[in-house]
1. Cβ-Cβ below 6 Å, separation at least six or inter-chain, first residue in the stretch 275-289 and closer than 10 Å to Val242 by Cβ and assigned by TED's automatic domain parsing to the domain that holds Val242, second at pLDDT below 90 and among the hydroxyl-bearing types (Ser, Thr, Tyr): which pairs?
2. Determine whether the stretch 176-184 contains at least one residue that is at pLDDT below 95 and in a strand (DSSP E or B).
3. Considering only the stretch 106-135, state which residues are under 25 Å from the mean Cα position of the chain (by Cα) and either free of Cβ contacts under 8 Å to residues at least 12 places away in the same chain or not assigned by TED's automatic domain parsing to the domain that holds Asp72 (or both).
4. Answer yes or no: is there a residue in the stretch 261-274 that is free of Cβ contacts under 8 Å to residues at least 24 places away in the same chain and part of a helix (DSSP H, G or I).
5. Identify, please: which residue in the stretch 78-104 is in a helix (DSSP H, G or I), of a type in the set (D, E, K, R) and surrounded by fewer than 15 Cβ atoms within 10 Å (Cβ to Cβ) and is, among those, nearest to the chain's Cα centre (by Cα)?
6. Can you tell me how many residues within the stretch 244-272 are under 15 Å from Leu162 (Cβ atoms) and either of a type in the set (S, T, N, Q) or surrounded by 14 or more Cβ atoms within 10 Å (Cβ to Cβ) (or both)?
7. Could you tell me which residue of the stretch 221-243 is surrounded by the most Cβ atoms within 10 Å (Cβ to Cβ), considering only residues that are at pLDDT below 90 and assigned to a loop (DSSP other than H, G, I, E, B)?
Amino acid sequence: MKRTLLAALGLVVAMAGLALALPAKDSPVAGPESAAVLPKANETVKDASAKPAADPAAARKAREEAARQQQDFARTRRTLTTGRPRLAFENVAIKDVLNYLASMGRFSIVYDQALEEAGMDLAARTVSIHASGMKYEDAINLILPRECGYRIGPGYVLVTTLEKSYLPLRTGIYSVELAMAEIPNFTDAPRFEISSVTQAASSAAGGGGGGVGELFGATKTQTEDPGRATPEKIIEMVKKFVKNANDRRIAPWDDEGGPATIQYLGGKLVVSQTDHGHRAVAKLLASIE
C-alpha cells in the first residue's frame, strides 16, 4: 500500500514538471531567428531608412569634374569667338570643312542623331568658302545650311537641327534705367543687322555719335515721344532689333511661335534666349542707356 502511494506521488510530480516545461497554448514561441533580431539591453537600434554618410572622395571628384567642364567650356567659347582660321575650300563637303575647323581650333564636332532623322546629310552637301580673319563661330554659322544650328559644350560643338540648337535657353536679368532711356518712335524705320546697331553704338560711345537718334540711323521720318520710355517700348525695341530673321542663332520670340521670352518685372527685363541672343540684347540695351 505504501509502495503504491509513493509511485502515484512520483507520477504526479513528473507530470507537474512536464507541464512547467511546456509553453502555454496561446503564448508565442521565440525561435532562434526571432531571438536573433531582438536588441540587447542598452543596445542602440539603427534606423534602416537613414541615408549612408556622403563619401568625401566622391564629392571631391564631382567638384573637380564640374570645374574641369567649366574650364573646357570657357576654352571652347574663347576659341570660337576669338580664333580666326584661314579658309580656302571649293565644292567641299560641309562635314569635311567642319572637321577641319575642329582640328584647327582643337575642339570636337559632335553630329546630333536628329540630323539624320531630319534627312540632313552634311557629308553629301558641299560648300565653297574663301575667307581669312573670320571667327570660328561666324564661319560655322556661314557654312551650315539654314535648317541646321549648333550649341557649344565643354570641349565640343554640337551640330543639330535649328529647333534643337535653341534649347535649353538661358534666362538673364537686365536692369533698365527707364528715367534715362528715351526711345524714338519710328514711323518708317530702316531694316538693318544687329551688328550695325552695335557698331553705331561704339561710335557714339567714342564721342563721334549724336546719341540715340543717330544710333538708330534716324534719317527717316520719325517723331520723338516727349515722355519717358515705358517697359512696353523697350520690349518692342528689343524684339524689333534682336530677331531670328537677322541671325538664326537668336531664338524666335514667343509671339513669333518660338521659345524665347521677354518680360518686365520690377525695373528689370527677364529674358530667356540663346547665348548669342543674350549678347545681342546686352549690346542693344547698353547702347541706349
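The values are calculated or read from the model by the stated rules, or taken from the named source; none is laboratory data. Just so we're clear, the structure is a prediction, and the values are computed from it rather than from any experiment. Neighbour counts are summed over all protein chains in view; Cβ atoms, including those assigned to glycine, are modelled from backbone coordinates with ideal geometry.
1. Final answer for the pair search is Lys283/Thr198.
2. The initial filter retains those residues of the stretch 176-184 that are at pLDDT below 95, namely 176-184.
Checking which are in a strand (DSSP E or B) leaves us with none.
No, the stretch 176-184 contains no residue that is at pLDDT below 95 and in a strand (DSSP E or B).
3. Across the stretch 106-135, the qualifying residues are Gln113, Glu116, Glu117.
4. No, there is no match, as no residue in the stretch 261-274 is free of Cβ contacts under 8 Å to residues at least 24 places away in the same chain and part of a helix (DSSP H, G or I).
5. The initial filter retains those residues of the stretch 78-104 that are in a helix (DSSP H, G or I), namely 78-82, 94-104.
Now restrict to residues that are of a type in the set (D, E, K, R): 78, 95-96.
Retained after the next criterion (residues that are surrounded by fewer than 15 Cβ atoms within 10 Å (Cβ to Cβ)): 78, 96.
Details: Arg78: 18, Asp96: 28 Å.
Once the filter is applied, the top-ranked residue is Arg78.
6. 11
7. Across the stretch 221-243, the extreme among qualifying residues is Ala229.
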